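Inspection log for the structure reproduced underneath, given as C-alpha cells.
Where a number appears in this text, it was derived from the coordinates with a stated rule and is not lab data. On a predicted model such as this, the values are computed, not experimentally measured, just so you know. Here the Cβ is made from the backbone with ideal geometry for all residues, glycine too, and neighbour counts use every protein chain on show.
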Amino acid sequence: MKRIFLNALPYAAFCLVLALASCNSKSDKTETSATLDSNKYNTTIDGKIVKLYTLKNNQGASVSITNFGGRIVSLMVPDKDNKLTDVVLGYDSIGAYRKKGEPFFGALIGRYGNRIGKGKFTLDGKEYALQLNDGTNTLHGGTDGFFGKVWDAKQIDGKNLELSYVSKDGEAGYPGTLTVKVTYSFNDENALKINYTATTDKTTIVNLTNHAYFNLSGAGSKTILDHEITIDANEFTPVDSTLIPTGKLLAVAGTAFDFNKSKAIGKSIEDKDEQLKFGKGYDHNFVLTKHDGKTPVAIVKSPITGITLEVYTVEPGLQFYSGNFLTGADQDGKGKIAYPHRSAFCLETQHFPDAPNYSNFATTTLKPGQTYQTSTTYKFLK
C-alpha cells in the first residue's frame, strides 16, 4: 500500500502551518458529532446477533459499542463550549468493519495485541506458528483475531456493557481454550473504563487491548499533529524495519521520542531518525514509568476543542501510533467522510510487542488456574 508523507519542515515553519490550520479549523472539520443509525449496525454474522449498544452518563456524554469485534463506534464528550464532540474514528455501517485491510477501528484486540515476529513463539518447549497478516509477522492476533469475532453481549445497565468470547484451542494458532470477558463502563466524569479478564485450560499467551483511533478535535478533522501530548516514559522499545522489537530498551532523552514534557505530536515526527523511518512516524511501544492505574500515563489535548484525554492503566507498555497508514482513500467514515493521513492517534495499553520471544520483557504467559486481569481508563476533560 502506498504511504503518504508530509514534507519535512523547519519547526518554526511547522508551527506556522499548525497555527493557520487552527484558524481554519471550522472549515476543516467534516463533522464533530455523529448521528448513528443503529439499524446500520444491527445484523447477524456467523449465526449470531450483532447490535449497537450505547452507554450514557448524566452529563449527556455517551459511548456506542458494537459486539462485532467489541468495537467503540462513537464516543461523544463535551468540548470547551460544552458541545458534544465525537472523538473516535469509525464507520457508518457494520459492513465496512468487515472489509479486508480495515485498520482495526475501535476494536478489542486479542489474543495478542501488537506484533509477534515471524508469527512464531515457543512455549514449554513447543513452537507455535500463528497466522501471518503483517508481512512476515503476526499483528493483533492474526487474520482470525478477536477484532472480527461476534462477542456475547450483556448490557448490565445504562453505564455498563459486558462482552464475552471463548477462543477455542488452536484458534489462529494459539494453544488453549481462552475464556475472555471485557466490561466497558462509562461514568459521570466522562471516563471510559475497560476491564479485561481471561482464563485458560492450557498454558498460552495473552495480551489484550483496545484499538480506538482518537481525534480530540472531532472525528473527521484533518490532523492530530497539532495535539499536545505527554507520555510518562523514559524508554521505548526500538524496532527493526518490520516493526518488531530488537529486544533492547532505548532512552527517550534527546530524541524525538521524549514526551515527558508536553509537545505537539508533529513537532519531531519528520526528524531524520531511523526509528521514525521504520514506523512511518510514531508506531512504537513506550516503557511506562508508573502504571498503577491511578496516575495518568499519557495526556493529550486538542488546541481546537480544548478536550483533554488522560489515559490510566496497569499495563507496563503503551503503543503510541500517529495514524501513519491512514490514507484518506476510504469514504466509509461516519457521515461518509474520509480519514486522511495522520488524522488520528492510538494509545494502546499493553505488554510489550513480541514479548514471548524476549526473556527480558515482562511475561505474557497465562497458565491454567491463573486469571489474566488488566484495566485501562480513557478519561475526557474540557
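Values for this structure:
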quantity: Residue-count net charge about residue 259 - beta-carbon cut-off 13 Å; Lys, Arg +1, Asp, Glu -1; calculated: 0
quantity: Protection proxy ranking, peptides 103-110, 295-302, 50-57, average beta carbon neighbours within 10 Å, highest first; calculated: 103-110, 295-302, 50-57
quantity: Most to least packed among 243-250, 145-152, 254-261 [average Cβ atoms within 10 Å]; calculated: 145-152, 243-250, 254-261
quantity: In Hz, Karplus ³J(HN,Hα) per residue of segment 289-297 (6.51, -1.76, 1.60; θ = phi - 60°; x = Gly, Pro); calculated: 6, 9, 9, 9, x, 10, 10, x, 8
quantity: Value of [θ]222 nm, deg cm²/dmol, for the chain, DSSP H segments ≥ 4, -39500 (n - 2.57) each, nearest 500; calculated: -1500 deg cm²/dmol
quantity: Calculated from backbone phi, Karplus (6.51, -1.76, 1.60) coupling profile of segment 259-274 in Hz, x at Gly/Pro; calculated: 10, 5, 10, 4, 8, 5, 4, x, 4, 10, 5, 9, 4, 7, 10, 4
quantity: Kirkwood estimate for segment 232-382, i.e. one over the average of 1/r between Cα atoms, Å; calculated: 16.8 Å
quantity: Size of electric dipole in the chain: Cβ of Lys, Arg +1 and of Asp, Glu -1, about Cα centre, debye, nearest 20; calculated: 400 debye
quantity: Cα pair distances exceeding 30 angstrom across the chain, given as percent; calculated: 35 percent
quantity: Unit charges at the beta carbon, dipole of segment 11-381: most positive-side option, 192, 119, 299; calculated: 192
quantity: Net charge of neighbours whose Cβ lies under 15 Å from the Cβ of residue 112, counting Lys and Arg as +1 and Asp and Glu as -1; calculated: -1
quantity: Virtual spin-label span in nm between residue 371 and residue 250, 7 Å along Cα→Cβ; calculated: 4.0 nm
quantity: Ranked by how many other beta carbons lie within 10 Å on average, peptides 354-360, 194-200 from highest; calculated: 194-200, 354-360
quantity: Added length on full extension, which subtracts the Cα-Cα distance from 0.36 nm per residue, residue 45 to residue 160; calculated: 39.0 nm
quantity: Cα-derived Rg over Rh, computed across segment 45-137 with Rh taken as Kirkwood radius; calculated: 1.11
quantity: Equivalent-ellipsoid semi-axes of segment 142-241, from the Cα gyration tensor, Å, largest first; calculated: 29, 22, 14
quantity: Local electrostatic count, residue 173, Cβ distance below 11 Å [Lys/Arg +1, Asp/Glu -1]; calculated: -2
quantity: Calculated P(r) tail over 17 Å for segment 96-158, as whole % of Cα pairs; calculated: 47 percent
quantity: Estimated vicinal HN-Hα couplings, Hz - segment 350-363 in sequence order (Karplus 6.51, -1.76, 1.60; Gly, Pro = x); calculated: 5, 7, 6, x, 6, 4, x, 9, 9, 5, 7, 9, 4, 5
quantity: GNM top mover of 166, 206, 182 - the chain, alpha-carbon springs below 10 Å; calculated: 166
quantity: Kirkwood Rh in Å, taken over all unlike Cα pairs in segment 201-316; calculated: 15.5 Å
